[in-house]
Amino acid sequence: MPRNPAYETETKMKRACLLAAALTLGVTVPRAAAPTITVDASTPAGKVSPLLYGLMTEEINHSYDGGLYAELIRNRAFLDDAASPAHWAAVGGDGAAAAIALDTNQPLNAVIATSLRVDVTQASSGHSAGVANDGYWGIPVKPNTRYRASFFAKAAAGITGPITAAIESEDGKTSYASGRVSGLTQAWRQYDVTLSTASVTPTAKARFVLTVDRPGTIWLSLVSLFPPTYKNQANGFRPDLLQMLIDMRPTFLRFPGGNYLEGDRIADRFEWKKTLGPLSERPGHMAPWGYRSTDGLGLHEFLLWAEDMNAEPVLAVYAGYSLKGAFVKPGPDLEPYIHDALDEIEYVTGPVSSQWGSLRAKAGHPAPFKLTYVEVGNEDFFDRSGSYDQRFAQFNTAIKARYPHLQVISTVGFEHPESQRVRSVMPDVVDEHYYRTVEAFLIAARGQYDKYDRKGPKIFVGEWGAYETPFEPWNPRSRAEAPTPNMRAAIGDAAWMTEMERNSDLIIMHCYAPLLVNVNPGARQWRPNLIGYDALRVYGSPSYHAIKLFATHVGDELLKTHAADTDVLVSATRDSRSRTLYVKLVNSGNAAAPVQLDVSGTALRPTATALTLAADPQATNSLDAPARVVPVSSLVTDVTPGFRYAVPANAIVVLTLETR
Ligand code: AHR
């Protein structure tokens with residue numbers, strides 16, 4: 001047959017295009033001699049730790065106040081700044097005027113010892129004056145939504161109100177929702193009012209105001225505004241943020257820190273007993289990340305949060321070391337802190353007949369929470385006094401004596417010199433923290449944990465995250481960088497997860513940090529962070545999607561894998577009941593990587609599903625583009641024991657392989 005060069009060129013081009021498309025999409029490729037990845041499904045190599053994928057949290061980046069904790073009023077108890085009523089402003093104009101000041105002579109109680117005095121000097125019907133709060137970077141206004149406003153108020157003689165509560169535009173010209181309370185007296189009383197919006201356009205450019213329409217003096221305390229919360233729980237969580245976390249299917253929640261547990265000074269530690277009970281009994285405290293915490297999200301709420309996610313609490317107890325170097329000497333001085341920790345464990349797990357268990361029941365949760373792991377402190381390798389070994393031992397002995405079933409975690413892992421680690425007893429578990437470059441994770445993913453002693457403590461990687469550039473808080477350029485990581489960082493994260501998953505006989509739990517970030521200017525103290533939000537919106541970073549992909553495709557059996565002559569990283573697991581295999585592949589290269597997948601010891605079905613997170617390394621998500629980098633599902637056909645598969649460039653792939 002005569003040759004037709006034009007036809008041949010076209011055919012070649014078509015073939016090349018088809019191959020390129022196949023490589024990009026990550027489908028089976030009929031080509032020879034691809035590097036081999038073996039997955040041995042004949043016998044499991046071990047068990048996947050049932051708590052492998054979890055979450056770590058602390059108050060940083062306005063994670064709770066201005067984040068997950070749904071309160072909308074900033075500085076609600078007037079305790080944020082002793083010098084002035086931060087985030088509050090007098091409102092009036094058009095024949096109305098008011099002046100505001102902090103007042104320590106009219107305290108609500110001994111805990112909330114400052115109130116706001118509002119002197120309305122001029123006001124009349126239709127011309128009201130009072131006070132406005134600007135919220136956490138705005139007040140989110142949503143259509144057809146009911147908000148619950150509440151506040152304590154009292155009045156000087158001669159004025160009984162009414163007080164109008166309203167959500168309105170920043171300039172006060174548009175009212176989105178309002179309601180009234182009346183009958184003020186000269187004694188403190190709490191008032192409630194429901195504010196309902198109509199079908200308004202969502203905006204966060206709004207404020208919350210309390211006004212009166214006649215001259216006189218009133219005092220305010222604990223002013224609160226809640227939108228609808230997750231499952232309408234009182235004092236609850238922002239539903240959109242919590243749903244993002246639930247979708248990750250975490251198995252545990254490590255709280256309350258992190259640095260937040262320790263505080264800068266001992267007096268600033270997370271004093272859990274002061275975070276319980278009615279909000280009017282919670283003083284809040286100065287947190288180490290530069291702002292005060294309301295403690296509206298206190299110990300009880302942490303536990304409910306874990307429960308809402310069907311996750312187990314991993315409770316970190318204060319261990320006598322604070323960030324600026326103060327420490328409590330082991331021995332008698334440490335005993336009160338140990339009692340405090342034992343009380344805390346009793347609050348979490350004790351029967352209703354116990355002192356602290358009964359308080360938990362009174363707060364609405366008679367059933368004890370499940371608790372397996374207690375962590376003693378946080379990053380105690382920073383304690384240069386060398387006291388941690390003894391402090392840990394003292395806590396460990398006391399905890400084990402009362403709660404022998406609990407597993408106790410030391411905060412100094414094998415990434416630190418032996419001299420800093422706990423030596424006098426063997427901790428059940430050690431917590432290792434890794435904030436690394438992508439390149440460092442790519443190296444660590446090739447066997448860091450192979451070298452670990454399997455007879456030593458188990459490992460909890462209680463904080464980890466890949467960064468593209470080091471975060472320098474003092475450097476304005478660094479502070480201006482995106483608050484959440486890009487695709488390249490997600491590749492580093494996924495590479496590290498393959499290492500942790502492959503070693504999940506040893507790595508019993510791990511969690512990325514920090515988890516949450518309010519992306520408004522001035523709201524954050526760290527980068528990168530997993531999930532970004534403002535008052536109205538939320539998005540997951542590429543790393544969020546990578547973790548979610550891993551955590552939601554895990555099974556319970558570990559399968560042995562081997563990758564030869566390829567940079568593609570792999571981890572494989574199986575669900576022992578359904579016999580479904582999950583093969584995770586990470587290609588950090590800029591070209592597609594064809595591999596031959598030799599799955600032995602099982603009969604595969606001919607089609608499989610690939611979930612692929614692939615993008616330009618610099619690509620990322622944001623509030624305005626939340627879905628630029630998200631997983632894409634595709635069908636893989638012609639699956640056989642030695643099938644060829646092209647892992648796309650810069651990609652994280654989870655193959656779900658069904659068996660017969
Ligand atoms: O995740 C941010 C901080 O990093 C944590 O508070 C601390 O434990 C670590 O140093």
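Tabulated results
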read-out: Contour excess over end-to-end distance, with Cα ends at ASN232 and ASP333 and 0.36 nm allotted per residue; value: 32.0 nm
read-out: Loop-located chymotrypsin sites (Phe, Trp or Tyr not before Pro) in region 431-487 whose Cβ has at most 11 other Cβ within 10 Å (DSSP); value: TRP474
read-out: Simple Cβ-charge dipole of the chain, Lys/Arg +1 and Asp/Glu -1, about Cα centre, in debye nearest 20; value: 1160 debye
read-out: For region 266-305 versus region 323-368, the gap between their alpha-carbon centres in whole angstrom; value: 14 Å
read-out: Per residue convex hull volume, Cα atoms of region 485-591, in Å³; value: 131 Å³
read-out: Under 21 Å from LYS329, Cα to Cα: lysines that are on another chain or at least 8 residues apart; value: LYS400
read-out: Length-normalised contact order of the chain in % [C-alpha pairs under 8 Å, at least 6 apart]; value: 17 percent
read-out: Cα centroid separation - region 130-209 against region 425-454, whole Å; value: 51 Å
read-out: For region 445-557, share of DSSP beta bridges that run antiparallel, in % to the nearest 5; value: 30 percent
read-out: Principal axes of the chain: Cα extent on each, largest first, Å; value: 105, 71, 46
read-out: Most to least accessible of ASP119, ASP80, ASP171 (protein chains only, probe 1.4 Å); value: ASP171, ASP80, ASP119
read-out: Helix 335-349 axis, angle to the chain major axis (alpha carbon atoms, nearest 10°); value: 80 degrees
read-out: Helix axis angle, 487-502 relative to the chain longest principal axis, alpha carbon, degrees; value: 70 degrees
read-out: Of LYS205/LYS584; LYS47/LYS274; LYS154/LYS324; LYS370/LYS548; LYS173/LYS548; LYS324/LYS451, those spanning more than 32 Å from alpha-carbon to alpha-carbon; value: LYS205/LYS584; LYS47/LYS274; LYS154/LYS324; LYS173/LYS548; LYS324/LYS451
read-out: Relative contact order %, region 529-640, counting alpha carbon pairs below 8 Å whose residues are six or more apart; value: 27 percent
read-out: Alpha carbon centroid spacing (whole Å) that separates region 71-118 from region 565-585; value: 58 Å
read-out: The chain - share of DSSP beta bridges that are antiparallel (%, nearest 5); value: 70 percent
read-out: Sparsely packed trypsin sites (Lys or Arg not before Pro) within region 533-618, loop by DSSP, other Cβ within 10 Å at most 10; value: ARG577
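The values are calculated or read from the model by the stated rules, or taken from the named source; none is laboratory data. Please read all numbers here as calculations on a predicted model, not as lab measurements. All Cβ positions, glycine included, derive from the backbone under ideal geometry; neighbour counts span all protein chains shown. Ligands, DNA and RNA are excluded from the accessible area calculation, which covers all protein heavy atoms including side chains. Shrake-Rupley method; radii C 1.70, N 1.55, O 1.52, S 1.80 Å.
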